[in-house]
Amino acid sequence: MIVKEEFLSKLRRYFSLNLYEVKIWAALLSRGISTAGELSDIANVPRSRSYDVLESLEKKGFAITKLGKPIKYIAVPPTEVLDRVKKNLKEDADSKVTRLEELKGTEVLDELNSLHSQGVELVEPSDLSGSLKGRHNLYNHLELTMRGAEKSVTLMTTQRGFMRKVEGLKPVFEKLKERGVDIKIAAPVTKESLDAVNDISTVAEVRHIDHINARFCIVDGEQLIFMVLDDKDVHPTYDVGIWVNTPFFANALQGLFELAWKDMKPAKEMIKNF
């Protein structure tokens, strides 16, 4: 059996299998039904490992054991395997979410909160900073920081960043608005971002920026998250941001933003030109 390494790598990534598992599975698919010994030879997997690998594949729904001697294994059709894997992943995720939900209101969570609150009291303000790597982590921390806002959330971003934030963070903006938090967003208002402007206009004030290219968020004039790269030049995986709890600098940047804000055109005026 000749199977390209690239193909095996894809199988490992998509189905969360180890190298021996993908080799044995590919061999079984090529035969339809076979013994562990035959599959071991075809896949170039040690015979001593082939039985436990096949047992693992059977538990995961990739193969069926045929009764009789010698024991043979039957390949499950790939489309059926895909459905089984999706079902198993969903059941596993639901189970984990349920267990985590059960933590709410328990002594375990109370103890964790106590540890955190006591620990934060011992931390120097200058130590409350960190780097954020990858856009997924950036947005997770951005959401976490904004949720704690009491007075204001200020955002300056790119066109693409604006559209992403409206799509992914609108529920957070809505909850902030309900609590009376003032939300200001400065971003390029274009035909492409028109839908995003209309979608967020009820909970945030949006104004157009033209010559400023920056990506940052200020929360309550105390916490600052800024991205160090232009999002059009970096893959999401390699995006980088910095989070700092620094009232001194955050408040100064907030003041500079307010000065620039006065000269920015409201999004509604920009829309009239389209």
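The values are calculated or read from the model by the stated rules, or taken from the named source; none is laboratory data. These numbers come from a predicted model, not from an experiment. Don't worry about glycine lacking a Cβ; one is built from the backbone with ideal geometry, like all the others, and counts go over all protein chains shown.
Considering (1) on the phi < 0 side of the Ramachandran plot; (2) among the small types (G, A, S); (3) modelled with pLDDT of 90 or more, say which one G119 fails and leave the rest.
(3) is the only condition that G119 fails.
Could you name every one of the helices (runs of 4 or more DSSP H) located completely within the stretch 15-106 that has at least 3 residues being more than 28 Å from the chain's Cα centre (by Cα) and not basic (K, R)? Break it down into steps so the answer makes sense when it comes.
On the way: elements: 19-31, 36-43, 47-59, 78-101.
By residue number, 19-31, 36-43, 47-59.
Please name all residue pairs, on different chains or six or more residues apart, with Cβ atoms under 8 Å, provided the first residue is in the stretch 204-219 and is in contact (Cβ under 8 Å) with a residue 24 or more places away in the chain and farther than 20 Å from K170 by Cβ and the second residue is of a type in the set (D, E, K, R) and not in a strand (DSSP E or B).
Taking only residues 6 or more apart or on different chains, the pairs are N213/D230.
Find the strands (runs of 3 or more DSSP E) located wholly in the stretch 123-211 whose residues include 2 or more that are aliphatic (A, V, I, L, M), closer than 18 Å to E222 by Cα and modelled with pLDDT of 95 or more, and list them.
Details: elements: 129-133, 152-156, 182-187, 205-208.
Because the criterion is at least 2 residues that are aliphatic (A, V, I, L, M), closer than 18 Å to E222 by Cα and modelled with pLDDT of 95 or more, the strands (runs of 3 or more DSSP E) in the stretch 123-211 that meet it are 152-156, 182-187.
Output the residues belonging to the stretch 231-245 that are in contact (Cβ under 8 Å) with a residue 60 or more places away in the chain, surrounded by 14 or more Cβ atoms within 10 Å (Cβ to Cβ) and in a loop (DSSP other than H, G, I, E, B). It would help to see each step written out before you state the result.
Initial filter on the stretch 231-245 (in contact (Cβ under 8 Å) with a residue 60 or more places away in the chain): 231-232, 236-245.
Narrowing the set further to residues that are surrounded by 14 or more Cβ atoms within 10 Å (Cβ to Cβ) leaves 231, 239-245.
Passing the criteria: D231, D239.
Right, F249: exposed (fewer than 15 other Cβ atoms within 10 Å of the Cβ), among the aromatic types (F, W, Y) and either part of a loop (DSSP other than H, G, I, E, B) or out of contact with any Gly (no Cβ under 6 Å at 6 or more places or on another chain) (or both) or not? If you could, list the steps in order and put the result at the bottom.
Working: exposed (fewer than 15 other Cβ atoms within 10 Å of the Cβ): yes; among the aromatic types (F, W, Y): yes; either part of a loop (DSSP other than H, G, I, E, B) or out of contact with any Gly (no Cβ under 6 Å at 6 or more places or on another chain) (or both): yes.
When the stated conditions are applied, F249 passes them.
What residue, among those in the stretch 17-52 that are touching a strand residue (DSSP E or B) at 6+ places or on another chain (Cβ under 8 Å) and not aliphatic (A, V, I, L, M), is surrounded by the fewest Cβ atoms within 10 Å (Cβ to Cβ)?
Here is the first cut: in the stretch 17-52, the ones touching a strand residue (DSSP E or B) at 6+ places or on another chain (Cβ under 8 Å) are 25, 27-29, 31-36, 39, 42.
Still in the list and also not aliphatic (A, V, I, L, M): 25, 31-32, 34-35.
Numbers: W25: 26, R31: 16, G32: 9, S34: 22, T35: 16.
Among those that are touching a strand residue (DSSP E or B) at 6+ places or on another chain (Cβ under 8 Å) and not aliphatic (A, V, I, L, M), it is G32.
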